[in-house]
Amino acid sequence: MRKLILLFLPYILCAQSANYNITPLDSVAFKGYFRTSLGQSDGGKTMVNFATPGGLSHYRLGNEPNTYAEVQFSYNRKLDLESKKSFDLVFMLAGYSGFGDQQPFKLENVTQLYAKMNNAIGNSDVWIGRRYYERRDHHIIDYFWYSPGQGATVGAGIENIRGKNHKDDITIAAFNFENKNVRTLSSDENNNEKGVLQNYILETKWKDIYFSKNSSITFWNRLSTRQKNNINYDKINGYGFGIWYDQTNMFKGQAYNTIQISYRKGNSIGKNLAPIYETSESELLYSYDMKKTYVLEASNQFTFEKEKVFAINAVALYRYEDRGVVPYNIITNEKIGDGKQIHWFSLGSRIIKYLTRHFNLALEVGTDYIDNQTISRKGWLNKFTFAPQLSWDYGFYSRPVLRPFITYAKWSDNLIGDIGNAPNEKVFNNSNNGMTYGLSFEIWW
C-alpha cells in the first residue's frame, strides 16, 4: 500500500493531468485514476460490500473494499506546424485487488492500446487498437450503461464523419471480442476440452443532435455475431439499439440530466468486458439461451450543484433481463432457479453539503430491489453512508478526496446469505443487516 501511495503522490498533490510539450510537433500526457480503502466490517472482520444478487452494480460511497487504478500515457505527433493532421498513441494499464484476495495488487492489465490519426480523411479521424470507446456511466453506482469497446481484443473505427464544423457526429466502430478457455458444451462430465468463442460487433452512432442550445439526443445501433466453433456452441447473431437525451444548463446553469433507454438481444446483451454466452456464469451451468435472451433497460441521472452551498447526484434505473431458459446443470439437468427473468430496480442519491472549500459532508442513500428468478431470490437492499470529506475544491466531481466513512445496510430476509458474505469470511452470512467503517481515498487526473 505504501508503494501505491508513493507512486501516485505527485498526482495527489497536483490533482490534474500532466501535459508536456517535448518539441513544437511532439507532446505527451499522463492521466489516470486511483482509489483505495482501509476499513473493516462490524466485529473486526474483513470489510465487505453490499450488493444484490443479480444487480449489476451497487452504491459506491463507503462500499468499495478494493484498490483500483488506471494509468494512461498519450503521445501526440503533429505532421507539421501548418497541417491539421496529427497522430495519437494511447497506452493504459489497470490493476485491481479486492479485500481478501490472495493475489497482491498489480498494475499489469493492458486495457487500452490504440493509435489514432486525426483528420486522416478530410475532417474525419481513424483509429485502430484496444479502446474503451466513449463510455457513459452513472457515477454513484459505477454502472457503465454504454461501453461498447471495453474488453475487446481489438477494434477499429472512424469518427467525425459529419466533419468537425458540425455539433453532431456520426461514428462507426467494429470490435472483436474473445471468450477464452471456454469448456466444450457437453453433458459428459469427463470432457474438459476448451476453446475460444469469437464475437464480432459493429457499432454505429449518431450523437449530439441538438434540439436546442442546451439539449441533445444520441442514437446508437449494434449488430453482432458469434462465429461457428469446435466446442459445440452454435453460431449466434444479435442486435441492440438505444437512445440517450442530455440536458445541460438547467435551473440557471446549475443542473444537468441524462435519460437513456436501450434494448439488446442475443450476443449483444453484454455491454463490456466480454459477450455473454450460454455457460458464462459457470462452465457446468446452462444459464442463457442465446437465441431467445434479451435485455431492456432505462435509467436517469440528475446532477444539481448550488455553487459553494451543496451538490446532489441522483440515479433511477430499471433493468429487465430474460435469459430465455431456466438455468440448469448440463450434467444432471437439475434446474437451479424457478424462472428465467431478472428484474433490477435501483434508486438513490448522494448529497454533499459544503462547509468550506476543502471540507464537506456527504450522505449517500440507495435502495435496490431484485427479483432474480434464476436463483429464486427476491427482496430489497437499503444502504446508507455518511462521510465527512476533505476535498480539493468545491464541486461534486472535485478530486482528490479523502473520506472517513460509516456504512449501514439492511436487506430482506429472503436475501440472507446472498449479501455481505464476501470475500471470504461470510461476515454477514446469517444476518439481514450489517455495518462497515473505514477510510477511503479517490483521485483522477
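Quick note: the coordinates plus some simple rules give every number you see, no bench work behind them. Just so we're clear, the structure is a prediction, and the values are computed from it rather than from any experiment. As a convention, Cβ positions derive from the backbone with ideal geometry for all residues, glycine included, and neighbour counts pool all protein chains shown.
Please give, to one decimal in nm, the separation of the simple spin-label points placed at Ile158 and Asn109, each 7 Å out from Cα toward the Cβ.
Inter-label distance under the simple model: 3.3 nm.
Rounded to the nearest 0.05, what FRET efficiency do Leu355 and Tyr320 have when you use their Cβ-Cβ distance and R0 = 35 Å?
Here the calculated transfer efficiency is 0.25.
What translational diffusion coefficient, to the nearest whole µm²/s, does segment 168-264 have by Stokes-Einstein, given a Kirkwood radius computed over alpha-carbon pairs, a temperature of 37 °C and 0.692 mPa s viscosity?
200 µm²/s
Return the whole-Å distance between the Cα centroid of segment 188-216 and the Cα centroid of segment 301-320.
The two parts, judged by their Cα centres, are 27 Å apart.
Step through the residues of segment 278-283 one at a time and calculate ³J(HN,Hα) from phi using the Karplus curve (6.51 cos²θ - 1.76 cosθ + 1.60, θ = phi - 60°), rounding each to whole Hz and writing x for Gly and Pro.
4, 10, 4, 6, 7, 5
Could you give the distance between the Cα centres of segment 94-135 and segment 403-441, to the whole Å?
32 Å
Let's test the formula: R0 of 30 Å, r as the Cβ-Cβ distance of Ser215 and Asn123. What FRET efficiency results, to the nearest 0.05?
Efficiency, from the Cβ-Cβ distance: 0.75.
Pop the C-beta distance of Ala255 and Glu193 into the FRET formula with R0 = 51 Å and round what comes out to the nearest 0.05.
Approximately 0.35, to the nearest 0.05.
Output ³J(HN,Hα) for segment 207-219: one whole-Hz value per residue in order, computed from phi by the Karplus curve 6.51 cos²θ - 1.76 cosθ + 1.60 with θ = phi - 60°, and x for Gly and Pro.
After applying 6.51 cos²θ - 1.76 cosθ + 1.60, I find 10, 6, 7, 7, 9, 8, 4, 10, 9, 9, 10, 10, 10 Hz.
Below 27 Å, Cα to Cα, which lysines can Lys164 reach? Residues fewer than 8 away in the same chain don't count.
Lys31, Lys78, Lys84, Lys85, Lys116, Lys205, Lys207, Lys213
For segment 225-240, what does the Karplus curve 6.51 cos²θ - 1.76 cosθ + 1.60, with θ = phi - 60°, yield as ³J(HN,Hα) per residue in whole Hz, taken in order and with x for Gly and Pro?
8, 10, 6, 4, 9, 9, 10, 6, 9, 5, 5, 10, 10, x, 7, x
Ignoring everything except DSSP H segments at least 4 long, calculate the 222 nm mean residue ellipticity for the chain; use -39,500 (n - 2.57) per segment, divide by total residues, nearest 500.
Value at 222 nm, helices only, nearest 500: -1000 deg cm²/dmol.
Where does the Debye-calculated log10 I(q)/I(0) of segment 289-413 sit at q = 0.12, 0.19 Å⁻¹, using only Cα point scatterers of equal weight, no solvent?
The Debye formula, applied to the Cα set alone, gives -0.63, -1.00.
Provide the net charge surrounding Trp445, with neighbours chosen by a C-beta distance below 13 Å and charges set as Lys +1, Arg +1, Asp -1, Glu -1.
Local net charge: +1.
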